[in-house]
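Chemist: Just passing along the structure, written as structure tokens.
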Amino acid sequence: MPPTLRTPICDLLGIEVPLMQAGMGNVAYGRLAAAVANAGGLGSIGGIDITPEQVDEEIRLFRSLSDGPLCVDLGFPANAPKGLSDVQAPDLPGPLRQLKRELDERGVEVVPTTDQAISLADNKRKLEISLDHGVEVIACALGTPTWVVEACHAKGAKVMSIVGLAKHARSAIRNGTDVVIVQGTEGGGHTGDVGLITLLAEVLEFSTVPVVAAGGLVKGSQIAACLTAGAQGAWVGTRFLATRESGSEDVFKEAVLEAGYDSTLRSLLFDGLHVRMLRNRFTEVWEGHEDELSPYPVQRVLTMPFKYAAMRANLKSHMSLPSGAGAGMITDLPGAAEVLDRLVEETVEALRRVEKTVEFR
Ligand SMILES: Cc1cc2nc3c(=O)[nH]c(=O)nc-3n(C[C@H](O)[C@H](O)[C@H](O)COP(=O)(O)O)c2cc1C
């Protein structure tokens, strides 16, 4: 009999094991989400970086591959501009002029890029599309407005809120979220500066809704620690990035496999908010030039064309590579179902080990 793992959140979300593949822009599409869902976990589509039409297509793809529940990850930051044309970017700062020279030398053209992530109008449309498709769960990054919760609940969808600070957990709970995902500083992408175990303990003190752990989780032993602390599940990103079904470029997967324990940094350089990413030339050019950073979302509008130019050219040295601090533990590129099964097995093994090694009454 393969090991099984259940917590009350499994019934809440209609999943077999309390493990969730995180929403990741440019990585988590319908194919990855379906592989995870078919293995009993919660699969997510990272909806922030794609157009409303692509959200529609990826949900359809997921439904054609899986009968499981689906999560779509969307962003509703309070300071989002209404439309894409509302943000005026200043002239390129020194670090980006340097990157442009380096890309020019390699024959890589930096062209103006439309950024889907920042427009409130587009994100509203993506929410409508997801709910019309009957998507079971909406994950909210960067804030959980009441109107989003009300729209989800009206269509029977659950809401999960990703937070990096206890005060953000409090406001998400106040606004009616169903689940709080507590992300420690170890997490890839947007992340705070409080360590996971500390933040988990703080939020568990007051949370009236189930709490899920995130940030740097790559091994079942870490997930067992979070469950022991009181979390009901785990939201896992970077480990699922390095799978066969993930939609990221092969060179991105390669960079994660090559990463060591000290390969990530947390910086404002991508979009003016703190993002954990792999160190490379894209991050190095900003060293000593922090005074040239712009606030969100202007910084994002400035760097986006560079990110996509390097992606198109498969140039991992110059790409933006969001990654959790657990990347150093990732050494292979299996299928997503195998990752999920392994995590269950390791978590159960670690929980059994506690029973054997810790005496308690
Ligand atoms: C490549 C990458 C892209 C991400 N993109 C998003 C995103 O678009 N929206 C979001 O809410 N979180 C995003 N995240 C954060 C994840 O949802 C998740 O919270 C994080 O990956 C968990 O930490 P871990 O990567 O250490 O497991 C991203 C993370 C990574 C690694």
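The values are calculated or read from the model by the stated rules, or taken from the named source; none is laboratory data. Worth saying up front: this structure is predicted, and the values here are computed from it rather than measured. Note: ideal-geometry Cβ built from the backbone for every residue, glycine included; neighbour counts use all protein chains shown. Note: areas computed on protein heavy atoms with side chains; ligands, DNA, RNA excluded. Shrake-Rupley method; radii C 1.70, N 1.55, O 1.52, S 1.80 Å.
Chemist: When the residues of the range 205-248 are filtered to those that are polar (S, T, N, Q) and in contact with a Ser or Thr (Cβ under 6 Å, 6 or more places away or on another chain), which remaining residue is nearest to the ligand (Cβ to nearest atom)?
Modeler: This residue is 238.
Chemist: Just for the range 190-204: of the residues that are open to solvent by less than 50 Å² (accessible area, probe 1.4 Å) and more than 10 Å from the ligand (Cβ to nearest atom), which one is nearest to residue 176 (Cα to Cα)?
Modeler: 203
Chemist: Kindly list the number of the only condition in (1) within 26 Å of residue 271 (Cβ to Cβ); (2) more than 10 Å from the ligand (Cβ to nearest atom); (3) part of a loop (DSSP other than H, G, I, E, B) that fails for residue 180.
Modeler: (3)
Chemist: Further question: Among the residues of the range 140-177, count how many are assigned to a strand (DSSP E or B) and either modelled with pLDDT under 95 or of a type outside the set (Ser, Thr, Tyr) (or both).
Modeler: 7
Chemist: Quick check on this structure: which one of 61, 42 is surrounded by fewer than 19 Cβ atoms within 10 Å (Cβ to Cβ) and assigned by TED's automatic domain parsing to the domain that holds residue 123?
Modeler: Within the list 61, 42, the selection yields 61.
Chemist: Could I ask something else about it? Out of the residues in the range 288-305 that are within 16 Å of the ligand (Cβ to nearest atom) and not polar (S, T, N, Q), which is farthest from residue 213 (Cα to Cα)?
Modeler: That would be 304.
Chemist: Which residue, of 279, 312, is within 16 Å of the ligand (Cβ to nearest atom) and open to solvent by 10 Å² or more (accessible area, probe 1.4 Å)?
Modeler: Among 279, 312, only 279 is within 16 Å of the ligand (Cβ to nearest atom) and open to solvent by 10 Å² or more (accessible area, probe 1.4 Å).
Chemist: While we're looking at this one, here's another question. Every residue in the range 252-271 that is in a loop (DSSP other than H, G, I, E, B) and open to solvent by 20 Å² or more (accessible area, probe 1.4 Å), please.
Modeler: Those that are in a loop (DSSP other than H, G, I, E, B) and open to solvent by 20 Å² or more (accessible area, probe 1.4 Å): 260, 261, 262, 263, 268.
Chemist: OK, next. Residues in the range 101-120: is at least one in a helix (DSSP H, G or I), at pLDDT below 95 and on the phi < 0 side of the Ramachandran plot?
Modeler: yes
Chemist: Let me ask you something else. Given the conditions (1) outside any loop (DSSP other than H, G, I, E, B); (2) more than 16 Å from the ligand (Cβ to nearest atom); (3) open to solvent by 60 Å² or more (accessible area, probe 1.4 Å); (4) of a type outside the set (Asp, Glu), report the number of the one that residue 342 does not fulfil.
Modeler: In the conditions (1) outside any loop (DSSP other than H, G, I, E, B); (2) more than 16 Å from the ligand (Cβ to nearest atom); (3) open to solvent by 60 Å² or more (accessible area, probe 1.4 Å); (4) of a type outside the set (Asp, Glu), residue 342 misses (2) alone.
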